[in-house]
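Since every read-out is calculated from the coordinates, none of them should be taken as a lab result. All values derive from a computational prediction rather than experimental measurement. Cβ: placed from backbone, ideal geometry, glycine included. Neighbour counts: every protein chain shown.
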């Protein structure tokens, strides 16, 4: 496949095929137009070809949590309009394997948000995932969590999806 060929399941780029599906569009962003392609068999999965970058100085929210006796900190970097654009998780007693996996998750989740995936769609994918540590939390809105990822997804939904 060359760069000029469309990816399988996606329409041709806008500038090479004037007859593309109407679901494709150019969206203005802070750094100029952003090409958005919609997968033909899944119109909900809009993908921004250009990444929306957070400003160098940004607002954030840090939330301390406990899951099954394991203390953690969730930091959410915000776009100027208040949308989450990145997440960081630090667990106090994590081993190198858990730490690496959590950091990989944070990078992928953050990139998904920066490429246009909504907080609702992103968190829906991770809600309900089950693995240790799990159990009771110190958050009355989320009394039990099936995993760190389940807790983070539910926290994001409560604080950034359900409020608006």
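Taking each pair of different alpha-carbon atoms in the stretch 60-161 once, compute 1/r for the pair, average those values, and report the inverse of that mean as the Kirkwood hydrodynamic radius in Å to one decimal. Every distinct Cα pair counted, the radius reaches 13.5 Å. Subtracting the Cα-Cα distance of residue 131 and residue 59 from their residue separation scaled by 0.36 nm leaves 22.8 nm. With each label modelled as a point 7 angstrom along the Cα→C-beta vector, the residue 83-residue 124 pair spans 1.6 nm.
For the stretch 60-161, averaging the sequence separation of C-alpha pairs within contact (under 8 Å, six or more residues apart) and dividing by the residue count gives a relative contact order of 25 percent. Based on the Kirkwood approach, the hydrodynamic radius assigned to the stretch 111-164 is 11.4 Å, with every pair of different Cα atoms included. Annotation: peptides 69-81, 149-161, ranked by per-residue average of other Cβ atoms within 10 Å with the highest first, follow the order 149-161, 69-81. The slack in the chain from residue 159 to residue 99, taken as 0.36 nm per residue of separation less the alpha-carbon distance, amounts to 19.1 nm. Estimated from the Cβ-Cβ distance and a Förster radius of 45 angstrom, the FRET efficiency linking residue 141 and residue 49 is about 0.80.
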